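Report on the structure given below.
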Amino acid sequence: MGYVWTILAVTAAYLALTGNLAVNNILVGVLIASVIALLLRPTRSPVELRRVPRSLLALLQYGALLAYDIIRSGLNVARIVLDPKLPIRPGILAVPSECETDLGIALSSHALSVTPGEIVVGVDQEGTLYIHCLDASHAADTIGEAQALRRRLLSRILE
């Protein structure tokens with residue numbers, strides 16, 4: 001049954017992204033979703049209803065944190081672009097993700113990559129994220145704390 005829900009969810013996402021409800025596009029969506037389901041091999045895990053409110057609150061906090069990081073980083077990058085004499089030190093920082101799951105590491109990497117001025121360029125076997133920063137001196141102070149907060153929120157969302 002896990003496969004059916006995965007196929008339906010991925011097909012719905014595909015159709016929403018393409019915006020095309022033609023029969024041939026629906027068939028392509030089902031085919032793509034089936035291949036993804038076979039690759040993911042979803043397992044069904046029970047959902048404890050008492051954890052849902054906590055997870056939803058953590059999800060809202062995570063979204064707010066992500067929005068704040070995007071706005072703050074966007075303003076910082078705009079300041080750099082508008083004043084080219086502003087001293088910057090680009091560099092690569094190694095930050096431990098401290099996430100227990102691959103999904104947590106992937107979501108954390110995504111959150112870092114969508115913020116302007118930062119991009120994850122690699123992840124090693126231990127889960128350390130290598131992040132290229134437009135201004136490494138500024139990011140070194142805040143990125144570790146932000147990653148710890150992201151990890152706590154993601155663990156509450158994914159548990």
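Here are a few things to note about the model shown:
- Residue that is surrounded by the most Cβ atoms within 10 Å (Cβ to Cβ) [pool: residues in the range 106-117 that are more than 19 Å from I80 (Cβ to Cβ), in contact with a strand residue (DSSP E or B) (Cβ under 9 Å, 6 or more places away or on another chain) and in contact (Cβ under 8 Å) with a residue 12 or more places away in the chain]: S108
- Condition check for G63: touching a residue at least 12 places away in the same chain (Cβ under 8 Å), out of contact with any Phe, Trp or Tyr (no Cβ under 9 Å at 6 or more places or on another chain) and in the same structural domain as I143 (by TED's automatic domain parsing): no
- Cβ-Cβ under 8 Å pairs, at least 6 apart or on other chains, the range 1-29 side surrounded by 12 or more Cβ atoms within 10 Å (Cβ to Cβ), far side part of a loop (DSSP other than H, G, I, E, B): G2/P42; G2/T43; G2/R44; Y3/P42; W5/P42; T6/P42; L15/L21
- Flag for A146 being surrounded by 17 or more Cβ atoms within 10 Å (Cβ to Cβ), among the aliphatic types (A, V, I, L, M) and assigned to a helix (DSSP H, G or I): yes
- Taking the range 118-151 as the range and being closer than 19 Å to G63 by Cα and in contact (Cβ under 8 Å) with a residue 24 or more places away in the chain as the test, the residues that pass are E118, I143, G144, A146, Q147, A148, L149, R150, R151.
The values are calculated or read from the model by the stated rules, or taken from the named source; none is laboratory data. Quantities reported herein were computed from a predicted structural model and do not represent experimental measurements. As a convention, Cβ positions derive from the backbone with ideal geometry for all residues, glycine included, and neighbour counts pool all protein chains shown.
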